[in-house]
Structures are given as structure tokens and as C-alpha cells.
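Throughout, read-outs are computed from the coordinates displayed, never taken from laboratory work. Computed from a predicted structure; not experimentally measured. Please note: Cβ atoms are built from the backbone with ideal geometry, for glycine as well, and neighbour counts cover all protein chains shown.
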Amino acid sequence: MNPVFVIAGYVLREAASRKFILAFMVGLTLVLATVALSLKLEVVDGALAATRLFGEVVRAHITSVDVALRPIFRAAAYLVFYGGILFGIVACSDFAPGLLSPGRIEHLLALPLQRWHLLAGTFVGVMTLAVGGTVYAAGGLTLIFGVKTGYWTMGPLVAGGLACVGFAAVYAVMLTTATLVRSAALCSAAGFVLLVGGILAGFRTDVSRYLEAGFGRTSFDAVTLVLPRLSALAVGAADLASSTPLKPDSLGMLLGGVLVFGLGALAVGFWHFEGKDC
Amino acid sequence: MDSRGRRKVWLGGAVLLFAVAALLMFTGQGDELPPPAPEVKFPSRMRGTDFERAEKRRTWVMPTAQDAGVAAPVKPRDPLLAALPRGPGRTAVVIEANALRHSPLGELLLDCLMRDGGKNLEQFKALSGVDPLQDLDRMVITDEGLILSGDFSKARYQELLGERVSSDHGPGARVYEPGDTSIALPDGGTRRGRMDNAVGTWNDQMLVLGRNPDEVKTVLDRMDGRGPEEGPPLLDENSTYGEMYGVLAVEQLAKLLGPEQAELAQRLKDVAQNVELHLDTSGDVAMVADVRGLDEQKMTDLGKSLGGALSMARMKAQAEGNTEMAQLLDFAKVRPDGTSFKLELAVPLSAIQEQLAWCRKPAGSTPPAP
């Protein structure tokens, strides 16, 4: 078997043994079950005519079901995007430092694999975890609303995919940080910094206007030009989830950019780890 | 490849990837601020300008019967509102002609009207002495006829209606019976014709057009507080918001729905009592229809049916690739509220601009088929 997948399997087994991640999955299941059991939606000729939550009538207007569900799918997309990245930063921060810790790294390096296989395997393992969680959350939500309203859309699932690409960029930086310092806290910190930087990068034009012209603004523009525009991707994910028309060809380029940034960050990690004296 | 060689590849690859990423993200998002999301303001209540407008129109003090007692002070009223019909099942729709003319929609409609360079309008002004764009303030469509309000001091009543039988009807009011009309042409000739409508004039401020003199007299009587009809006018001052507003008899509305919605029209007639309309054209064209009935359950069901019909229309538009119509119906919603519900509909101005684009083309080009 490809050594990358061997390491990925190792990471997944490690994740499965963690109560934190299991508790998250149970929590997610409970939330989905609560939504499924407590929410009653009355649909008349494709219009959402009445909503009951825990038996109480929710005062709302009557409108097309897809239009009515837009704010819900939009909110869910943001929750999956930012919530997923935040949870991923916290939950996955010590996978790489643990793998690279003294004792274990020597054992792994004794195996017939190259150094970059270790990082790539960890990355693939964590991303498998992220994709699984996202498909479970976004798919569950789509299924619940699809069954209850008869309106089926791939929007939330695609939005979840976009969230995974955003997390891939963040986790690539965390993984690269782990090759520099074997600290889960510092890996988390790097993830948070990139998340905040990515949010700012998405709004760089707005933010830049409020900075005084000169070195500060130029530096800000230069740094945020390279950073992954996570907030812009989140807006695109929400637009997709809520079936809002997008600017033609804009999302594909943005998505590609964030993905390529992640690969770039991973390449930096490979470069550093290759020359590291473990 | 040895370790050093691989490191060079990784580093070179990383730099290249970062550059490509920056380029892709810059191309994808760009550095232009996104346009603000479309927002439609639905007319739901009187605003500051509406109150000011209503205040200025309180000019008419209704005559009161003199007796030996002390007369209570009479508040001035809007004469046009006083002239409106009373009671259920009646229709009165007010078009704020002056406000509409100065709205974006009015500008578009004016482009259509002036395609001939304003020749017809000039001709009308020369014949009647009235400039509709300046002198006309409001137009009311009722089930009895038409009421126009504004400044008609320059109107040539004598030249236009002089040959008809006419009589005074209370202070400042005159009623002209249907009859022959002669219009002096600019070339010195005269064009004769017949007008089957009775016309009433009131203080150079109002023109009333009706099918017969009795209908015109009824309108003028209501203004003076005479007449047999009791109860308040169909519209009170607090409902005079928007560029078009009024009360529509349910029967009239049911007729507007057409044969395709016969079932819905019947339910509307069975359940609803009246429909109050408000149209705002200050930006995008937004309409609110307040449908009132007596039975809460039946009204809720009617609201659901109406919401369903709108949803089906939207789905049909989507399925047929009519994205413009689908987008218009995105704004459509029904807001149930006990024994009444509000129906909201909007048409983005850009869509109307597109539809009326032919008006900006040179005269002679034909409008597109509907």
C-alpha cells in the first residue's frame, strides 16, 4: 500500500480513539436528530406555509420553500465553514506534533518511506476526517430538509466541500508549523492566525480603505494578496448553499487559489522536514 | 534525486504555488467592492414625507348646518379623500400622478410618452390649457368613474364644454351633461365630437368624470357632506402612502386574476372582504396588498393557497428558463396576520427598464410583443 495512505490510516485510528472527536460526532448527531424531530414544516404547492418548532407555531411569512430555506442554508454554510475550521484547528492540532515526537518519529523513519510521505499522510488523514465530518453535518441537514419539504439541493454539500478546502489551507500551515516546533499549542496558534488573516484577506479591499496610505497599507495589501481569502470563500459557500447567483467564474478561481495556497504551504513543510535533523 | 535536490524542488514548487495561488485568488475575487445586495422597500406605513403631503392637502372645510347652538370647530380635510366612495364592495385607487412622474418609473413612462418629441402632449396642452405633467396632482379610479385633482385654473372649460347643458351644483361646483364637444384646432379650424361622459368641476381643483350627471353629483355631494351614503370614505388619511394606493373590491380583483386562476378567484370572493393596495415606485416597484376577511382559519388557508400559487408560478418560470420572472417572484411572499394577510410583490426597476428599453429608441420602432 502507498505509504501516504498507511500514515493516513494511522492518523484516522488515532482520531477514532480520541473521546473529544467521538463526543463531537455524538453531539452533531444529537443536533441533527433534534432538528429532525422538533421541526415540522408544512409545504403547499412548493411554498412553505407554516413552521412548527417544538410544537409551537413559528410566525413567518409564506413564500417559496427554497427562498424560505435560503437563510437557514446560508447560516448552516457559515457554521460549517467557520465552526468546522475552528473545531479542526483545536481537534487536529496535536496529530502532527504527536507523530513527530521523539521516539515515534525515529520508529516511523525506520520504515521504508520518505520523509514527505509522513507529512502528506498526516495531511490526507486529517482531511479525510474533515471531509467525513462535513459530509455528515451538511448531508444530514440536506437530508432532513429534503425529506421534510421535498426540496432537494446539493448546495449545502458543495458548501461543505468549500469549507474543507478552506480547512486544507489552514491545516497545511499547521502541519508546516509542526515541522518547525513540536507544539500543539503553537500549531493551533498558527491555524488561528491564518484563519484571522484569511478573513481579513477576503475583505482586503474594504479593510485597506481604512488604513492610512503609505507603508502600512502597502504591507497589508502585499501580505493579504498571498493569504488564502477564507472569508470570500465562506461567502461563496453560503451563496452556493442558498442558491444565490454567483459572479461567473469567480468561485472556481478563488477555490483553486486557496487550494494551491494549501499545497504551497505543504511544500514549504516538505522542504523544511526534508532537511531537518530529527 | 538526493535529499538536497528534493529540497530545492520543494522550495521552488512552494514559491511557484504561492504565486499561482495569489494570481488565482486575485483573478477570482478581484479588488472591486461587490455591489450592494438588492433591497426592496415595501410600503407598509406612512413616512415623514407622506405625513407632510397629507398635511398640505387638508384645505377643505366641509360646510356644516347652521343652528342656534355653538358650532363645533370643523377640521379641514383633504377634499379628494372626502369625495371617495363609502361602504364595502367599492373601489377607489389613487394614483399620485405628480409623485409618480418624478419617480424612476415615472421617468421611464415619460420616455415612452415623449417618443414623438412631446408633440401630442403639446397639442393636448394647447387644446385644454392643462399641462398634465405640471398641473395634475392625483388621479382616482373608482367604480363610478374618474376623479382628477390638481391645478385646473388654466383649463379651458368654456371652449371644451361650453356647448353642453350645464348647471351649478353647490358652491364652486358645476356639472356638465354628456354632449357635443368642439375643439379649436391650431390651424384655426374646429373639430367636433361627442363625449358620453358627464363632467363635474370643483373650484378649479378637481375634475370628476362619470357615466351620467347623477354619478358626478354623488361624488360632489360626498365632498360637501351631503349625499345619502354613510360611513367614512374608503381611504383615510393614514392610508395615503406610496405612489399608488387604494381599496379594491374583491370582485374587481377576482376579475383581474383571469380564467387560469378561477378557483383562487372564487375563494377570494368567498372569503375576503376587501383589499387595500399600496405601490411604491421610489426605487424598485414594490406592492403590498392587505387582504382582509372575517374568518381567521379561512383567511389563513387563502393565504397559503396564494403563497402556493406564487411558488408554482416561480417554479414554472425557473423550469422554462425565465430567470427574470423567477427573480421577480423571489420577493413574493404572504404575511398572515389573523383575519388578514399581506401579499408582497416586487419588480426590480432594472427589469422594467429592460422591458421599456424600446421607448428610448427612435420613434417608429415598434414595442416588443408581450
What does the C-alpha gyration tensor say about the overall shape of region A:121-263? Classify as rounded when a/c is under 1.5, otherwise prolate if a/b is larger than b/c, or oblate. oblate
Round to the nearest 10 and give me the degree value, 0 to 90, for the angle of helix B:104-113's Cα axis relative to the longest principal axis of chain B. 70 degrees
R0 = 35 Å: FRET efficiency of A:Ser101 with A:Val57, Cβ-based, nearest 0.05? 0.05
Alpha carbon centroid spacing (whole Å) that separates region B:295-328 from region A:7-67: 27 Å
Shape call for chain A from the C-alpha gyration tensor, a ≥ b ≥ c root eigenvalues: rounded (a/c under 1.5), prolate (a/b greater than b/c) or oblate? oblate
Loop GluC sites (Glu not before Pro), region B:92-201, which have at most 10 other Cβ atoms in a 10 Å radius of their Cβ (DSSP): none
Which angle from 0 to 90°, rounded to the nearest 10, does the C-alpha axis of helix A:215-226 make with the longest principal axis of chain A? 80 degrees
B:His102 versus B:Arg156: modelled label distance in nm, points set 7 Å from Cα along the beta carbon direction: 2.9 nm
What nm value, rounded to one decimal, do you get for the distance between B:Glu296 and A:Ala222 when each label is placed 7 Å out toward the C-beta? 6.8 nm
As an exercise, identify the trypsin sites (Lys or Arg not before Pro) in region A:26-76 lying in DSSP coil whose Cβ has no more than 12 other Cβ atoms within 10 Å. A:Arg59
With Cβ to Cβ distances under 13 Å as the rule, what net charge do the other residues near B:Glu144 carry (K, R +1; D, E -1)? 0
So what's the back-of-envelope 222 nm ellipticity for the protein assembly as shown, counting only DSSP H runs of four-plus at -39500 (n - 2.57) apiece and dividing by all residues, rounded to 500? -16500 deg cm²/dmol
Please work out whether region A:144-220 counts as rounded, prolate or oblate from its C-alpha gyration tensor, where a ≥ b ≥ c are the square roots of the eigenvalues and a/c under 1.5 means rounded, while otherwise a/b larger than b/c means prolate and anything else oblate? oblate
Against the rule of thumb 2.2 N^0.38 Å, how large the Cα Rg of the protein assembly as shown comes out: 1.37
Mind checking which aspartates and glutamates have their Cα closer than 13 Å to the Cα of B:Lys298? Skip sequence neighbours fewer than 8 apart in that chain. B:Asp270, B:Asp337
For chain B, find the longest principal axis of its Cα atoms and tell me its angle to the long axis of helix B:213-223, 0 to 90°, nearest 10. 80 degrees
Once the Cβ-Cβ distance between A:Ser183 and B:Ser350 is put in as r, and R0 is 60 Å, what FRET efficiency do you end up with, to the nearest 0.05? 0.60
Pairs beyond 19 Å (Cα-Cα), from B:Lys269/B:Lys316; B:Lys56/B:Lys342; B:Lys304/B:Lys342: B:Lys269/B:Lys316; B:Lys56/B:Lys342
Using a basic spin-label model with each label point 7 Å from the Cα along Cα→Cβ, how many nm lie between A:Asn2 and A:Leu143? 2.8 nm
For region A:44-120, listing chymotrypsin sites (Phe, Trp or Tyr not before Pro) in a DSSP loop whose Cβ sees at most 10 other Cβ atoms within 10 Å gives A:Phe54
